[in-house]
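See below for the structure under consideration.
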Amino acid sequence: MKRKIVSILLAAIIVLGLLPSLALAQGYPDAEAWALGCCAIIAERNELDPYEFGMPLKGAEIGTTSFLYVQLLSRDWNINSRDDLIGTIERMTDNGHNVEFAELYKRAAAVTEKELEILVMLGDDFMLRHSLTKLFGDKWGDKQIKAWDWFRMIHLASWGFSAGYLEREEAYDLMIPIIERLRATFSSWDEATDNYMDGYAWWSYTDVSEPDTEYQLRLQLYEELKARSPEHNLFDPAVWDDSE
């Protein structure tokens, strides 16, 4: 609670122009730890370095491959400038895929027998999306699939740093509001990652009961990364402590 109060006061000071940067003002010690934990699966899956902020290519020095991250952001996110990047993160933090999920869950929770018949007629994809929406909506309640959006926005801030669109402190500034949302909503890396992965399954139309899927592979990667965590400290449990 004390950390949240400090964050609010510092944000107000920054709005008044008395401090240049939230990350610098707060000396936010956990920003990189949060980034590493949120980015670990996607980094490992794409043969990037999960132990360095910005997810650089393994063995490459940060800054030497910025063009690759510029291309990645353009190809996958239609982000072609610093302003595009910042605008996307600010917009999608609270208006990403979870908005559609929440709306669909309202409908799924009240679906009629006739509507179910229509979904079956429309095909497997429609029925799977309905089933996943109902499954995850019942499972998570108000938490919905928010970590799916929040992890991905931290991915963007990290890649924005590697692309040269952001300085490290600027990337931290963009991540801090997302970190506070994660800490207020979830209680551990396991819970937040579970929510993120359910969001991935929902977005990718993946039947979570099927073996040998990309979803199952990424879950396995998480467990493998956790097994290395005591040595490399990828998933620091201390960042969830709100007693500071």
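Every number here is computed from the coordinates shown, using simple stated rules; none is lab data. Note that the structure is predicted; figures quoted are calculated from it, not measured. No Cβ is skipped: glycine too gets one built from the backbone with ideal geometry, and neighbour counts run over all protein chains shown.
List Asp84, Asp198 from most exposed to least, where exposure is judged by having the fewest other Cβ atoms within 10 Å.
Ascending number of Cβ neighbours within 10 Å: Asp84, Asp198.
When only DSSP loop residues count, what GluC sites (Glu not before Pro) in the stretch 29-92 have their Cβ near at most 10 other Cβ atoms within 10 Å?
Hits after loop and neighbour filter: Glu47, Glu61.
So, counting K/R as plus one and D/E as minus one, what does the shell of residues with Cβ under 13 Å around Thr65 add up to?
Cβ neighbours under 13 Å give a net charge of -3.
Over the stretch 135-196, one equal point on each Cα, no solvent: what is log10 I(q)/I(0) by the Debye formula at q = 0.13, 0.29 Å⁻¹?
Results for the stretch 135-196 at q = 0.13, 0.29 Å⁻¹ read -0.38, -1.17.
Dividing the alpha-carbon Rg of the stretch 173-212 by 2.2 N^0.38 Å yields what?
It is 1.44.
Looking at this model, which pairs from Lys106/Lys143; Lys58/Lys226; Lys134/Lys226; Lys143/Lys226 are more than 21 angstrom apart at the alpha-carbon? Intermediate values should be presented prior to the final figure.
Working: Lys106/Lys143 14 Å; Lys58/Lys226 19 Å; Lys134/Lys226 29 Å; Lys143/Lys226 23 Å.
Those over the limit are Lys134/Lys226; Lys143/Lys226.
Among Thr64, Thr185, rank each residue by its count of other Cβ atoms within 10 Å, from fewest to most, as a rough exposure measure.
Least to most surrounded, the residues fall as Thr64, Thr185.
Aspartates and glutamates within cross-link reach of Lys139: Cα-Cα under 20 Å, excluding same-chain residues under 8 positions apart?
Within the straight-line cut-off, Lys139 pairs with Glu100, Glu103, Asp149, Asp190, Glu191, Asp194, Asp198, Asp207, Glu210.
Between Leu217 and Ser131, what is the FRET efficiency for a Förster distance of 25 Å, r being their Cβ-Cβ separation, to the nearest 0.05?
That pair, Leu217 with Ser131, gives E of 0.75.
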